[in-house]
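To start, the structure itself, in structure tokens.
What follows is calculated from the coordinates using simple rules that are stated; it is not laboratory data. Not measured: the values here are computed from a predicted model. Using ideal geometry, Cβ is built from the backbone for each residue, glycine included, and neighbour counts are taken over all protein chains shown.
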Amino acid sequence: MVSDTLAQTTRAAHDWGLASFLGGSMYGKFAMNPAVKAIDSKADRGKVTNTAWNGYNVINGVSLAAVGLGWGAARLTEARPDRLSGRERSIAKAKDGFVASTLLTGIASGIQGARLAQQAPDGAVPMDSGTTPAEETPKKAATIQRTLGVLGNLSILSGVGVVVSNALLAQAGHSRPPARRALLRRAR
């Protein structure tokens with residue numbers, strides 16, 4: 001049996017990681033990336049965008065690790081299939097997919113972001129916005145930038161999927177906890 005303290009710690013880390021990753025991704029996508037249009041120089045737009053995202057990469061990396069490790073720990077303990085109702089098992093499988101997608105798209109975004117920043121000195125890749133290349137953006141940089149736009153959308157959708165599946169699992173546990181799990185918790 002896993003102690004409640006350990007289970008609560010990994011759950012808190014998972015939820016913090018998800019909040020940090022999804023919040024940062026949504027802020028960047030919907031606020032920062034479009035806001036760089038206020039900068040007159042297209043190269044400075046790239047410099048600011050790349051500097052900001054590269055500054056957040058450590059937080060994103062730690063956040064993604066917390067999401068993956070927290071859910072992985074839960075799947076080995078309290079979220080094992082034999083401890084879940086049929087409905088919870090279905091939700092947990094969906095969450096498995098959302099977590100995997102969030103990790104893959106998040107890691108790919110970090111790699112592509114680093115590649116984009118290397119396309120010009122100081123990350124000053126000319127751009128119209130954080131995810132839209134300018135006419136003068138070199139072809140390779142423009143391709144990377146477009147893939148970042150797609151990856152950003154997929155990361156956000158995956159992260160929202162994790163949030164929704166978290167809510168559904170929590171509600172299922174609160175409203176109709178399986179008797180078997182209740183008996184197991186009393187036995188500790």
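Residue farthest toward the positive end of the dipole of the chain, with Cβ of Lys/Arg at +1 and Asp/Glu at -1: which of GLY152, SER109, ALA13?
ALA13
Return the equivalent ellipsoid semi-axes of segment 25-111 as a descending list in whole Å, where each equals the square root of 5 times an eigenvalue of the C-alpha gyration tensor.
Ellipsoid half-lengths, sorted descending, are 37, 13, 8 Å.
For labels at LYS140 and VAL62 in the simple 7 Å Cα→Cβ model, what's the distance in nm?
It works out to 3.3 nm between the two label points.
Going toward the positive end of the dipole of the chain, with +1 on Lys and Arg Cβ and -1 on Asp and Glu Cβ, which of ALA100, GLN118, VAL48 do you reach last?
ALA100
Compute the distance from the alpha-carbon center of segment 76-95 to that of segment 1-60, in whole Å.
29
To the nearest 0.05, how large is the calculated FRET efficiency for ASP4 and ASP96 if R₀ is 30 Å and r is the Cβ-Cβ distance?
Plugging the Cβ-Cβ distance into 1/(1 + (r/R0)^6) gives 0.80.
What ranking of TYR56, TYR27 emerges when the number of other C-beta atoms within 10 Å of each C-beta is taken as an exposure proxy, fewest first? Before the final figure, lay out each step's value.
Working: TYR56 20, TYR27 13.
Placing the least packed residue first, the sequence is TYR27, TYR56.
Using the Cα centre of segment 50-188 as the reference point, and only Cβ charges (+1 on K/R, -1 on D/E), how large is the resulting charge dipole? Debye, rounded to the nearest 20. Working shown, then result.
Values: 17 positive and 8 negative charges, 253 e Å.
Rounded to the nearest 20 debye, it is 1220 debye.
Got a sec to turn the phi values of segment 103-116 into Karplus ³J(HN,Hα) couplings, 6.51 cos²θ - 1.76 cosθ + 1.60 with θ = phi - 60°, whole Hz, x for Gly and Pro?
Per residue, the Karplus-derived 3J(HN,Hα) values read 5, 5, 5, x, 5, 4, 5, x, 5, 5, x, 5, 5, 5 Hz.
Please compute the Kirkwood hydrodynamic radius of segment 88-149 from all pairs of different C-alpha atoms, in Å with one decimal.
When all Cα pairs of segment 88-149 are included, the Kirkwood radius is 13.0 Å.
Taking the Cα-to-Cβ direction at THR51 and at ASP128 and moving 7 Å from each Cα, how far apart do the two end points lie in nm?
Here the answer is 2.5 nm between the modelled labels.
Report, in deg cm²/dmol and to the nearest 500, the calculated mean residue ellipticity at 222 nm for the chain, where each DSSP H run with n ≥ 4 adds -39500 (n - 2.57) and the sum is divided by the residue count.
The helix contribution divided over the chain gives -26000 deg cm²/dmol.
Karplus couplings for segment 61-68 from phi (6.51 cos²θ - 1.76 cosθ + 1.60, θ = phi - 60°), rounded to Hz, Gly and Pro as x?
Karplus values, whole Hz, x for Gly and Pro: x, 5, 4, 5, 4, 5, 4, x.
Return the sequence-ordered ³J(HN,Hα) values of segment 158-174 in whole Hz as given by the Karplus equation 6.51 cos²θ - 1.76 cosθ + 1.60 applied to θ = phi - 60°, using x for Gly and Pro.
Ordered by residue, 3J(HN,Hα) equals 5, x, 4, x, 5, 4, 5, 5, 4, 5, 5, 5, 5, 5, 4, x, 7 Hz.
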